[in-house]
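The values are calculated or read from the model by the stated rules, or taken from the named source; none is laboratory data. In this text the structure is predicted, and so the values were computed from the model without any measurement. Virtual Cβ from ideal backbone geometry, glycine too; neighbours counted across all protein chains shown. These area figures cover heavy atoms from the full protein model, side chains too; ligands, DNA and RNA do not enter into them. Shrake-Rupley method; radii C 1.70, N 1.55, O 1.52, S 1.80 Å.
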Number of protein chains: 2
Amino acid sequence: MYSRGMGNHQNDGTAIGTPPSSTQERLVTSARELLWERGYVGTSPKAILQHAGVGQGSMYHHFAGKSDLALAAIRRTAEDMRTATDEILSAPGTAYDRVAAYLLREREVLRGCPIGRMTQDRDVVQDPALRAPLDAMFDWLRRRIAEVLAEGQRRGELAAGLDPAATAASVAAVVQGGYVLARAAEDPAPFDAAVHGLLALLATHATPPPPVAP
Amino acid sequence: MYSRGMGNHQNDGTAIGTPPSSTQERLVTSARELLWERGYVGTSPKAILQHAGVGQGSMYHHFAGKSDLALAAIRRTAEDMRTATDEILSAPGTAYDRVAAYLLREREVLRGCPIGRMTQDRDVVQDPALRAPLDAMFDWLRRRIAEVLAEGQRRGELAAGLDPAATAASVAAVVQGGYVLARAAEDPAPFDAAVHGLLALLATHATPPPPVAP
DNA sequence: GTCTATATAATGATAGAC
DNA sequence: GTCTATCATTATATAGAC
């Protein structure tokens with residue numbers, strides 16, 4: 001159960017020192033969690049309200065409706081993902097190291113990607129406003145990985161014959177597809193196998209050869 | 001509109017010479033199409049009935065309910081996919097050729113994979129009976145691709161250093177992830193890029209080197 | 001701004017006529 | 001076997017009190 005109507009005593013359960021979330025913030029946070037878990041079609045406004053612990057009217061005061069709240073939630077999730085990913089890809093090291101760090105990053109594999117998840121939701125993909133942040137996120141991701149690979153080529157760390165854009169698409173696809181395989185198996189193993197398979201292929205193009213992947 | 005109550009004159013619209021489908025068959029076919037397009041949560045029994053052109057009661061006569069019909073539909077789709085895929089992977093040619101044929105196979109990229117799609121549906125993955133055919137399908141796919149790769153190694157067509165299982169997982173993941181990237185972009189290009197990126201990496205391990213991918 | 005009450009349609013399933 | 005009628009529940013949104 002969530003507390004209700006308790007004035008300033010409400011809290012979102014985050015770390016001590018965090019300022020209490022506004023109703024609007026709590027709605028977005030709840031929407032993000034439920035969209036990740038259940039998808040757009042499977043997430044009802046009522047479920048979001050109950051998860052956030054607010055009444056029916058509050059949502060329609062802050063947002064025009066379900067899709068408007070979902071848009072805010074998706075934008076926020078994409079933003080966070082971009083920030084976290086850029087940090088990994090911008091770290092020091094060879095191009096191989098940085099791509100490997102991205103691929104081997106700790107993930108909640110069985111939960112899948114909260115952004116990739118949305119691409120399987122008809123109502124999301126068909127709404128240009130809802131699809132836009134997904135498109136922007138994956139477009140950015142492929143470009144950023146391609147940059148890293150191209151930089152590695154300029155530095156002589158990677159074979160010049162590689163197509164940075166195509167290889168970057170493969171890297172992004174292996175992650176997204178790895179989630180699919182893992183969820184089908186209810187086991188992260190296929191995700192890890194897919195990642196290591198790609199890294200092994202990539203390693204043969206790196207000079208000097210990186211140590212065998214863990 | 002679909003015809004109703006027309007006795008033996010009903011037809012499922014397939015090629016001339018095809019025997020008219022039974023009500024049960026039409027329900028399964030309709031369920032397969034709608035599950036592919038809208039997912040499990042997004043597909044209502046009513047929508048299936050209307051698409052099949054039968055009344056409410058018929059479905060509950062032939063199937064125990066929504067999940068039971070979905071199970072029949074998913075099983076059939078997985079069966080068909082397995083047959084079609086095995087045909088490609090069992091064709092003559094080098095291991096590289098056969099994996100390339102699988103990756104470059106004509107696909108309705110923006111529609112995605114009807115089996116992979118189901119792994120993003122909470123209600124499917126949480127039901128052991130519904131998840132089982134997904135698990136079996138992808139497990140078979142990875143094993144079959146790994147077999148092809150291992151055979152290529154024995155024949156001396158592929159570098160012995162490759163891990164067949166991991167590489168096979170990468171191949172399957174690139175396809176599934178390619179769909180995700182393509183749907184986000186509403187454009188098959190990222191799918192094609194991901195596939196060609198992986199093929200280029202794989203090509204460097206093939207002897208003699210295959211011609212540059214189309 | 002937040003709440004409860006209400007409205008309208010859709011969902012998933014059952015009952016029982018034919 | 002197939003159909004229509006019905007039902008309890010949920011989804012999405014609005015109205016209006018506080």
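What to note about this one:
- Label 7 Å beyond Cα on the Cβ vector: A:Asp187 copy-to-copy distances, nm: 3.9
- Of the trypsin sites (Lys or Arg not before Pro) found in segment B:53-158, those that fall in a DSSP loop while having at most 11 other beta-carbon atoms within 10 Å are B:Arg155.
- About its Cα centre, the dipole of segment A:47-106 is roughly 180 debye, where the only charges are +1 on Lys and Arg Cβ and -1 on Asp and Glu Cβ.
- Using R0 = 41 Å, the C-beta based FRET efficiency linking B:Ser58 and B:Leu110 works out to 0.80.
- Distance from segment B:22-39 to segment B:134-207 (C-alpha centre basis), Å: 30
- Rounded to the nearest 20, the Cβ-based charge dipole of segment B:112-154 about its Cα centre (Lys and Arg +1, Asp and Glu -1) stands at 160 debye.
- Cβ charges +1 (Lys, Arg) and -1 (Asp, Glu), total dipole of segment B:19-203, debye: 300
- Inter-label distance, nm, simple model (7 Å from Cα along the C-beta direction), A:Asp97/A:Asp123: 4.7
- Modelled spin labels at B:Ser22 and B:Thr207, positioned 7 Å past Cα toward Cβ, are 5.6 nm from each other.
- Whole-Hz ³J(HN,Hα) from phi, Karplus 6.51 cos²θ - 1.76 cosθ + 1.60, for segment A:64-74, glycine and proline x: 6, x, 4, 5, 5, 5, 4, 4, 4, 5, 5
- Phi-based couplings in Hz for segment A:198-211 (Karplus 6.51, -1.76, 1.60; Gly and Pro marked x): 5, 4, 5, 5, 5, 4, 6, 9, 9, 10, x, x, x, x
- Across the identical copies, the label point of A:His61 (7 Å from Cα in the Cβ direction) is separated from its matches by 5.4 nm, in order from shortest.
- Surrounding net charge for B:Gly42, when Lys and Arg each add one and Asp and Glu each subtract one, Cβ distance under 9 Å: -2
- Rounded if a/c under 1.5, otherwise prolate or oblate - the protein assembly as shown, Cα gyration tensor axes: oblate
- Note that segment A:128-144 has calculated 3J(HN,Hα) couplings of x, 5, 6, 6, 3, x, 5, 4, 4, 5, 6, 5, 4, 4, 5, 5, 5 Hz, one per residue in order, obtained from phi through the Karplus relation 6.51 cos²θ - 1.76 cosθ + 1.60 (θ = phi - 60°); glycine and proline are x.
- A:Leu158 long-range amide H proximity, modeled H, under 5 Å: A:Gln153, A:Thr207
- Mean separation of Cα contacts under 8 Å, 6 or more apart, over the residue count of chain A: relative contact order %: 18
- Extreme residue, positive dipole direction of segment A:14-74, given options A:Val28, A:Ala72, A:Tyr60 (C-beta unit charges): A:Tyr60
- Summed buried accessible surface, chains A and B, 1.4 Å probe, nearest 100 Å²: 3800
- Label-to-label distances for B:Asp139 across copies, nearest first, come out at 4.1 nm, using points 7 Å from Cα in the beta-carbon direction.
- With every protein chain in place, chain A: carbon and sulfur % of accessible area (1.4 Å): 53
- The contact residues of segment A:145-168, meaning those that lose at least 30 Å² of 1.4 Å-probe accessible area when all protein chains sit together rather than their chain alone, are A:Ala166.
- Here's the picture: charge each Lys and Arg Cβ at +1 and each Asp and Glu Cβ at -1 in segment A:75-214, and of A:Ala132, A:Ser170, A:Ala95 the one pushed furthest to the positive end of that dipole is A:Ala132.
- In chain A, the calculated helix contribution to ellipticity at 222 nm averages -20500 deg cm²/dmol per residue, counting -39,500 (n - 2.57) for every DSSP H run with n ≥ 4.
- Global geometry of chain A, whether rounded, prolate or oblate, following the gyration tensor of its Cα atoms and the 1.5 cut on a/c: prolate
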